[in-house]
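Colleague: Sharing a structure, written as structure tokens. Questions coming.
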Amino acid sequence: MDKNQLDDIDIQILRLLQQNAELTNKEIASQLHKSVATIHERIRQLKESGYITKIVALLDRKKINRKLIAFSHVLLHDHAASTLSTFEKEVAKFPEVMECFQMTGTFDFILRVATSDMDAYHTFYRNLAALPNISTVQSFFVLSETKSETAYPL
């Protein structure tokens, strides 16, 4: 099943689940005027084919004391495959790192980092900078959040 194989029902299911993954198969079936068995089977196929990779709860980061968000741009000294792989493995171990993207352009990676405050970020930064082959880390701190979506347009 690929994007070309998704029909309107699959797309509607994905849209509904992106908005509220707590919907039951019965609720989805009712909204789409399909049987519960049909919805159950389609969701199973969407999971098996990798369209649905996991179902999670989104938390209010401020209520769990992750008030400071930073985007940290990282430049490495060299770009050998082993260097890049080592960095990716090591940075993934940091609980503060929410996302890590290898990039084109001036910097090699962009990290989205969530900490409680600037002191916690400072501790994270020192640990990050201690990794091998780090040349530069440039961080930008979020002042306000205008839009934060998790649902992809379909």
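The values are calculated or read from the model by the stated rules, or taken from the named source; none is laboratory data. These numbers were taken from a predicted model, which means no experiment stands behind them. Positions of Cβ are generated from backbone atoms using ideal geometry, with glycine treated the same way; all protein chains shown enter the neighbour counts. Just so you know, the surface numbers come from the protein's heavy atoms only, side chains and all, with ligands and any DNA or RNA stripped out. Shrake-Rupley method; radii C 1.70, N 1.55, O 1.52, S 1.80 Å.
Colleague: Could you list all residues from region 93-111 that are of a type in the set (D, E, K, R) and touching a strand residue (DSSP E or B) at 6+ places or on another chain (Cβ under 6 Å)?
Modeller: Hits for region 93-111 are Glu96, Glu99, Asp108.
Colleague: Another question, then. I'd like the full set of residues that are among the hydroxyl-bearing types (Ser, Thr, Tyr) and either open to solvent by 40 Å² or more (accessible area, probe 1.4 Å) or under 18 Å from Leu75 (Cα atoms) (or both), limited to region 109-120.
Modeller: Hits for region 109-120: nothing passes.
Colleague: For residues in region 133-147 being open to solvent by less than 80 Å² (accessible area, probe 1.4 Å) and in a loop (DSSP other than H, G, I, E, B), which is modelled with the highest pLDDT?
Modeller: Val142
Colleague: Right, here's the next one. Confirm whether Leu84 is among the aliphatic types (A, V, I, L, M), in contact with a helix residue (DSSP H, G or I) (Cβ under 7 Å, 6 or more places away or on another chain) and surrounded by 10 or more Cβ atoms within 10 Å (Cβ to Cβ).
Modeller: Taking the combined requirement at face value, the residue does not satisfy it.
Colleague: Out of region 95-127, which residues are within 20 Å of the chain's Cα centre (by Cα) and among the aliphatic types (A, V, I, L, M)?
Modeller: Residues satisfying the conditions are Val97, Met98, Met103, Ile110, Leu111, Val113, Ala114.
Colleague: Among all residue pairs at least 6 apart or on different chains, which show Cβ distances below 7 Å where the first residue, located in region 58-71, is closer than 19 Å to His122 by Cα and the second is open to solvent by 80 Å² or more (accessible area, probe 1.4 Å) and not basic (Lys, Arg)?
Modeller: Listed pairs, sorted by first residue: Leu68/Met118; Ala70/Phe140; Phe71/Phe140.
Colleague: Then there is this: How many of the residues making up region 13-49 are within 25 Å of Glu149 (Cβ to Cβ), open to solvent by 80 Å² or more (accessible area, probe 1.4 Å) and either in contact (Cβ under 8 Å) with a residue 24 or more places away in the chain or small (Gly, Ala, Ser) (or both)?
Modeller: Number satisfying all stated conditions: 2.
Colleague: Here's another thing I want to ask about it. Among the residues that make up region 100-109, is at least one of them of a type outside the set (A, V, I, L, M, F, W, C), closer than 20 Å to Phe141 by Cβ and in contact (Cβ under 8 Å) with a residue 24 or more places away in the chain?
Modeller: yes
Colleague: Identify, please: which residue in region 65-80 is under 19 Å from the mean Cα position of the chain (by Cα) and open to solvent by 90 Å² or more (accessible area, probe 1.4 Å) and is, among those, nearest to Val142 (Cα to Cα)?
Modeller: Lys67
Colleague: Which residue, of Lys67, Lys62, Lys147, is within 30 Å of Asn20 (Cα to Cα), touching a Ser or Thr at 6+ places or on another chain (Cβ under 8 Å) and of a type in the set (D, E, K, R)?
Modeller: Just a single option satisfies the conditions, and that option is Lys67.
Colleague: For region 114-128, give me each residue that is among the acidic types (Asp, Glu) and not in a helix (DSSP H, G or I).
Modeller: Asp117
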